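Let me give you the structure first, and then I'll get to my questions.
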Amino acid sequence: MVSRATARLEANQVRLRALIDQSPLGLFEATNDGQIEYINAVGRKLMGVEHVLVPGEHWATLIHPEERSAALAEWHVCLDRRREFRRELRLAHQGSGVEWAHLTITPLLDANGAVIAHLGTVVDVTSKRKAQDLLRSSEERFGLAVRGSSDGIWDWNLITNQIWFSPMWP
């Protein structure tokens, strides 16, 4: 009976590991103090660490040095409050082409509320950040053109029925 239950448990673990490895998300597990114990293939690729991480490497070592201390400080606040940590940040390893990622780290609690591990996800948001930067730059150029022009410009949003007039509109 015990060997049958053990066999079922092992089979479930194999299926779960296969599911994790097939996920389009970067997934990792860390100890209660943040040392990485496991990271799936997608996570390694997103973070630019194709090799298996050295056991005990802290998840924060994967964060860009300029953002690391702020991210750690925020994570410690979340940890003290037993809350999820969520943040968009730059990654330290640029070899993958992924510059920005959305990192989520959720504490795994025991029955007494003590943190026993952390489960994390990593999502590439580099394209989103670049698109936001391009939009911001375009809006700045448009604003300069409107302010520097002697033409009156107007825009009518047909969906919201709002009309915008430039400062030079008569």
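In terms of modelled amide H atoms, which long-range or inter-chain residues lie less than 5 Å from the amide H of Leu109?
Ile116
Okay, moving on. At a probe size of 1.4 Å, how large is the accessible area of Trp100, to the nearest 10 Å²?
Approximately 50 Å² of Trp100 is accessible to the 1.4 Å probe.
Hey, another quick one. With a sphere of radius 12 Å drawn around the Cβ of His58, what net charge do the other residues whose Cβ falls strictly inside it have (Lys, Arg +1; Asp, Glu -1)?
Counting the neighbours of His58, the net charge comes to -2.
Another question about this same structure. Rounded to the nearest percent, how much of the accessible area of segment 12-111 (1.4 Å probe, protein heavy atoms only) is carbon and sulfur? Spell out each step's value before the answer.
Working: 3080 of 5600 Å².
It is 55 percent, rounded to a whole number.
Can I ask one more? Can you list the HN-Hα couplings for segment 144-150, worked out from phi with the Karplus curve (6.51, -1.76, 1.60; θ = phi - 60°), rounded to whole Hz and with x for Gly and Pro?
5, 5, 5, 5, x, 9, 9
Before rounding to the nearest 500, sum -39500 (n - 2.57) across all DSSP H runs of length at least 4 in the chain and divide by the residue total; then give [θ] at 222 nm in deg cm²/dmol. Intermediate values should be presented prior to the final figure.
Details: 4 runs with 67 residues, N = 170.
My calculation for the chain gives -13000 deg cm²/dmol from helical runs alone.
A further question on this structure: Determine, at each q value in 0.27 (inverse angstroms), the log₁₀ of I(q)/I(0) that the Debye formula gives when each Cα of segment 19-94 is one equal point scatterer.
-1.43
Then there's this: So what's the projected area for segment 34-170, the Cα convex hull averaged over all directions, in nm²?
Mean projected area for segment 34-170: 13.1 nm², to one decimal.
Computed over the Cα atoms, what is the radius of gyration of segment 1-52 divided by 2.2 N^0.38 Å, N being its residue count?
Numbers: Rg = 13.9 Å, N = 52, 2.2 N^0.38 = 9.9 Å.
For segment 1-52, the normalised Cα radius of gyration comes out at 1.41.
Could I ask something else about it? Taking every alpha carbon pair in segment 87-136, what does the distance histogram look like in 10 angstrom bins from 0, in percent?
In order of increasing distance, the bins hold 24, 36, 22, 14, 4 percent.
Ala73 to Ala114: extension gain in nm, 0.36 nm per residue of separation minus the Cα-Cα distance?
Extra length available between Ala73 and Ala114 comes to 12.8 nm.
Estimate the FRET efficiency between Thr160 and Glu99 by the formula 1/(1 + (r/R0)^6), using the beta-carbon distance for r and 35 Å for R0, to the nearest 0.05.
0.50
Additional query: In cubic angstrom, how much convex hull volume per residue do the alpha carbon atoms of segment 120-170 span? Intermediate results must be reported in sequence, preceding the final value.
Working: hull volume 5.9 nm³, N = 51.
Value for segment 120-170: 116 Å³ per residue.
The values are calculated or read from the model by the stated rules, or taken from the named source; none is laboratory data. Values in this document were obtained by computation on a predicted structure and should not be read as measured data. Don't worry about glycine lacking a Cβ; one is built from the backbone with ideal geometry, like all the others, and counts go over all protein chains shown. Note: accessible area is taken over every heavy atom of the protein model, side chains too, but ligands, DNA and RNA are not part of it. Shrake-Rupley method; radii C 1.70, N 1.55, O 1.52, S 1.80 Å.
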